[in-house]
1. Quickly estimate the mean residue ellipticity at 222 nm for chain A, helices only: each DSSP H run with n ≥ 4 gives -39500 (n - 2.57), and the total goes over all residues, rounded to 500.
2. For region A:150-206, take every pair of Cα atoms, bin their distances at 5 Å starting from 0, and report each bin as a whole percent.
3. Which residues does the label zone of A:I453 cover in region A:134-153, counting backbone N under 19 Å from a point 7 Å along Cα→Cβ?
4. Roughly how many percent of the accessible protein surface of region B:5-62 is carbon and sulfur, given a 1.4 Å probe and a whole-percent answer?
5. What average count of beta carbons from other chains do you get within 10 Å of the Cβ of residues in B:25-37?
6. Please identify which residues in region A:119-156 have an amide N closer than 17 Å to a label point set 7 Å out from the Cα of A:E464, following the Cα→Cβ vector.
7. Note down the net charge around B:G57, summing +1 for each Lys or Arg and -1 for each Asp or Glu among other residues with Cβ under 9 Å from its Cβ.
8. Each label point is 7 Å from the Cα along the Cα-to-Cβ direction; what then is the distance between the points at A:L137 and A:W252, in nm?
Amino acid sequence: MADLLEAFRLVAQTDVIIAILAASVYGLVVGSLPGLSATMATALLVPITFYLSPIAAIATIIAASAMAIFSGDIPGCLLRIPGTPASAAYTDEAYAMTRKGQAELALGAGLWFSAIGGIVGTLSLVLMAPALAEMALSFSTFEYFWLAFLGLMCATLVARSSPIKAIAAMFIGLLVSCIGMENPAGTPRFTFGITDLLGGIEPIPALVGVFAVSEVMRAMLTAEPPPLPKRRFGSILAGQWKLTKKYQWPMWRGNIVGIIIGVLPGAGADMAAWVSYAMSKRFSKEPEKFGTGHPEGLVEAGASNNASLASGWVPSLLFGIPGDTITAIAIGVLYMKGLNPGPTLFTERASSMYALYLIFIIANIIMIPLGILMIRAASHVLKAPRSSVMPVIVLLCAVGAFATGNNLFSVLLVALFGCLGFVMERNGYPVAAMVLGIVMGSMVETNFITSLIKSDSSVLPFFERPVSAVLAFMTGAALLWPLALLFRKRQPQPA
Amino acid sequence: MQLSDRVTGAVIATVGVAAAWAGSRLPGVPGQDVGPSVFPMIIGGGMLLCGVLIALGVGSSLEVPEDPEETPRPWFHGLRALLPPALLLFYVLTVDRLGFLITAAAVVGVTSLALGARLRLALPLAVLAPLFVHVVFVKLLRVPLPDGLMAAPW
């Protein structure tokens with residue numbers, strides 16, 4: 001109880017409240033601009049969080065990412081261009097509703113069910129995390145190795161491309177994480193005599209390069225999206241209660257699927273939306289209506305992607321294993337602010353954890369009024385031509401990367417990773433898998449090498465402890481899954 | 001830059017071999033079997049395997065087909081994509097000498113013009129965006145951005 005009161009005090013600070021509001025507006029605007037994803041919004045925020053108090057720093061990330069995932073629905077609905085990848089799954093459906101003259105209903109559903117999904121996801125975080133923390137206290141390096149490895153494998157499983165390319169992308173990330181002296185022996189590796197590389201490659205310049213610079217590079221080659229026709233909106237929330245009652249079961253299914261996908265390391269909001277939309281169609285009583293402007297899939301997938309956002313924090317807070325690319329960034333911020341992820345976070349820093357839950361709830365509640373304002377302002381925001389937004393992004397990439405260490409070398413890294421991300425994306429290599437490899441590389445290696453030293457180079461102990469045996473089995477299954485997929489795909493083809 | 005799976009697979013396999021070879025030459029830790037060389041060698045081996053599989057086209061049937069490219073463009077059109085990283089390189093090389101405001105104005109202005117903006121938009125943007133970023137990062141966040149030839153008016 002004392003912790004909870006302390007948490008209220010932490011959140012009620014002026015700087016935290018300002019941070020939440022400012023980050024919300026920022027998230028709404030960036031999320032609504034096509035091509036600027038929620039991950040990019042978060043990555044560009046990190047340099048700012050350096051200079052904020054710990055709670056305010058985390059608040060900006062939570063608020064900005066939640067808002068960006070919702071507001072990605074806006075251009076999807078009005079222009080048929082998803083603002084963030086997480087909205088791509090149901091963009092056609094939402095646009096079909098707009099064409100039927102139900103733009104308010106579609107946007108309202110996006111907003112209303114995003115907020116519900118976010119709150120249900122937060123509740124799952126509140127309930128699940130402490131229980132798992134209890135269990136995680138008994139974990140040794142063996143379990144941590146398998147967990148981290150499983151996280152990497154999940155990231156490759158859910159990628160919507162060839163699993164082999166995803167695994168290759170993950171290996172590239174792991175190789176990047178090898179650079180520097182931060183290995184169990186403290187030997188400089190792959191530094192090529194460059195002193196700037198001795199400290200290793202920080203994830204932030206890599207993230208900014210891969211998610212922001214490569215996006216600007218893509219914009220250089222593609223045509224400008226069409227301008228938004230000006231329109232007046234009726235009531236946004238009218239009819240949402242009716243939808244909630246009518247599609248109660250799909251909504252809960254979306255929430256639960258979102259939570260499960262969020263908890264899986266490496267799989268995030270975009271995957272949750274795709275899976276939920278497909279499930280909604282599969283189990284619907286009227287599947288023939290899907291694609292013609294039917295709100296059911298919107299309800300389920302809209303709830304799902306926001307639910308996954310909160311539950312993605314479960315593995316991040318407990319094990320330091322990111323649930324998706326956004327929490328991969330958040331973990332870096334947690335470390336920087338002295339809130340090192342781990343099961344003890346829930347016992348020793350309980351008030352900070354309660355504060356984090358509170359921020360999630362607040363962000364999802366203020367999402368409704370701010371979201372309505374954003375929808376009404378959308379025609380003005382979306383009028384901003386790309387040629388005025390993208391230059392500012394390039395500048396922020398440079399300054400933001402510089403601010404992470406007052407070092408121009410980071411700016412160079414941003415440019416390099418921008419090129420790498422651009423080439424990888426173009427050739428079907430999922431960049432998210434590489435990012436997770438970079439973020440988790442040293443964790444996988446440290447636990448692997450420490451375990452090997454402990455076991456005197458024997459691999460048997462990796463499978464002897466009960467929990468690590470289960471995790472090993474799951475990892476093996478994740479590894480073999482692509483083979484099964486390949487096999488199944490091949491079977492029906494001979495005819 | 002669309003490359004065939006053969007090329008990208010071969011590149012990945014080559015990098016993998018190089019990583020494994022360079023890793024194997026790292027000095028070990030006296031008295032221990034495992035050292036800094038284990039992890040790069042595993043990664044290198046994995047990349048070699050993946051690279052070969054990709055080059056052979058295994059798993060390509062699972063890929064979501066790409067959207068068809070729009071109208072065919074001359075080859076140098078693709079080079080436009082290199083502009084943002086080139087501008088970042090320009091920033092790294094000149095910011096200390098020219099100062100933040102001038103370098104940033106050049107970066108913003110060129111990007112804006114390259115994306116098809118008129119001078120009427122690009123010029124004010126090139127003046128205002130650096131000033132705004134300067135206020136946020138130098139005044140509020142205390143990041144030491146270099147003054148160079150032109151110091152900010154505050």
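The values are calculated or read from the model by the stated rules, or taken from the named source; none is laboratory data. Treat the numbers as computed from the prediction; the structure is a model and nothing was measured. Neighbour counts run over all protein chains shown; Cβ positions are idealised from the backbone, glycine included. These accessible areas exclude ligands, DNA and RNA; they are computed on the full protein's heavy atoms, side chains included. Shrake-Rupley method; radii C 1.70, N 1.55, O 1.52, S 1.80 Å.
1. -23500 deg cm²/dmol
2. Spelled out bin by bin, region A:150-206 gives 4, 18, 21, 18, 15, 12, 8, 2 percent.
3. So the set is A:140-146.
4. With neighbouring chains kept in place, the figure for region B:5-62 is 69 percent.
5. 5
6. The answer is A:139-146.
7. Around B:G57, the charge tally is 0.
8. Those two pseudo-labels are separated by 3.3 nm.
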